[in-house]
Amino acid sequence: MSSISNTASDHAAEIDRHVRIYITVFVALMVLTIVTVAISYLHLSVPVAVTVALLVATVKGSLVACYFMHLISEKKLIYAVLALTAAFFVALLALPIFTHSNGFWIPEPPSPNPTEVQSAPAASPHR
Amino acid sequence: MDIPYTVEVRRDTGLTNGKIGIWLFLASEVMLFGALFASYILIRVGAPSWPRGDTILNVPLATFNTIVLILSSVTMVMAWASLMRRRFGTYRIYMGATILLGFVFLVVKYFEYSDKFGHHLYPSTNNFLAIYFTLTGLHMLHVAGGMAVNAYFWGPGAKLWKTNPEWFTNRVEHSGLFWHFVDLVWIFLFPTLYLL
């Protein structure tokens, strides 16, 4: 993005094209912000509201990343760095799901036996 | 000794060192905010009940701040585009507007925080407010940091434009990447904290 074009007029036309894209993206982000707030007034169930809100946020975030941050025309090394980051980010967000008591990896802790609980103080009176 | 590959790209990566540097930094930032988002999910899923953000927080103010931050992203990218067109005066206007919009964002947050403290709502009050103040507080620090860098490139750092305009343009682009990242984080924070 930072390389200078061959001729001044070509270069200016290219930047003008970019500016038009920035304005279009700005309008799209404004509309999507209104959509985000409007959806919250529908009082959807929590799972549906979370899904829709994060879907709209992802579209908005993608627009910012692709056009304002120029990710749509970046070099392969940047994509490789971001792919690795995305993999670790997903793993990080998945951790709470897996560590939750009803998750896949950690079994539900056994319910305490009332008899054992009652007899515990007698077994260790000085604790 | 001159810093290498500030303007010319490295043959092996096809990028300047500054561009790689800022993206690696942003990758670490993704993990920082990712850890806090993961904590938010863990706390929320484990809580017997969780309040809707709009019952405690001020949605109109946060919506206004969202618009302010998106607008500041546009002015930031226009500042860079102005430098690409060799229009330094226009750059100064757009960069100044970006700094000003960042300031507006912080002022609105100040009023939001003051209102919460006025109603005796602190991070120690409950888990919702703890995660709200942690996430928005860290985000505010990033806004302030980005403003400081932008102010440097608006003021004393702009001297580089006279001696090496390409390098200065690249520096503003990298500063812009950080600013857009701050905007991107808010785009996810806003619905997560205020609307769900």
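Just a few scattered comments:
- Here region B:161-196 is the region considered, the condition is being free of Cβ contacts under 8 Å to residues at least 12 places away in the same chain and within 14 Å of another protein chain (Cβ to nearest Cβ), and the residue that is nearest to the chain's Cα centre (by Cα) is B:184.
- The listed residue being surrounded by 15 or more Cβ atoms within 10 Å (Cβ to Cβ) and away from every other protein chain (no Cβ under 12 Å), out of B:85, B:92, B:44: B:92
- Residue count, region A:53-99 (criterion: more than 27 Å from residue B:15 (Cα to Cα) and either touching a residue at least 60 places away in the same chain (Cβ under 8 Å) or not in a helix (DSSP H, G or I) (or both)): 0
- Number of positions in region B:73-82 that are more than 9 Å from every other protein chain (Cβ to nearest Cβ) and of a type in the set (A, V, I, L, M): 1
- Per this entry, residue A:50 is not counted among residues that are facing another protein chain (nearest Cβ under 9 Å) and either touching a Phe, Trp or Tyr at 6+ places or on another chain (Cβ under 9 Å) or surrounded by 18 or more Cβ atoms within 10 Å (Cβ to Cβ) (or both).
So that you can scan it fast, the table gives a plain yes or no per residue for (1) at the interface with chain A (Cβ under 10 Å from one of its Cβ atoms); (2) within 27 Å of residue B:152 (Cβ to Cβ); (3) assigned to a helix (DSSP H, G or I); (4) modelled with pLDDT under 95:
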residue	(1), (2), (3), (4)
B:33	yes, yes, yes, no
B:48	no, no, no, yes
B:54	yes, no, yes, yes
B:70	yes, yes, yes, no
B:109	no, yes, yes, no
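- Residue B:121 falls short of the stated requirement of being surrounded by fewer than 21 Cβ atoms within 10 Å (Cβ to Cβ), modelled with pLDDT of 95 or more and farther than 19 Å from residue B:59 by Cα.
- Members of region B:1-25 found to be touching a residue at least 60 places away in the same chain (Cβ under 8 Å), facing chain A (nearest Cβ under 8 Å) and in a helix (DSSP H, G or I), listed by number: B:19, B:23
The values are calculated or read from the model by the stated rules, or taken from the named source; none is laboratory data. Just so we're clear, the structure is a prediction, and the values are computed from it rather than from any experiment. Cβ: placed from backbone, ideal geometry, glycine included. Neighbour counts: every protein chain shown.
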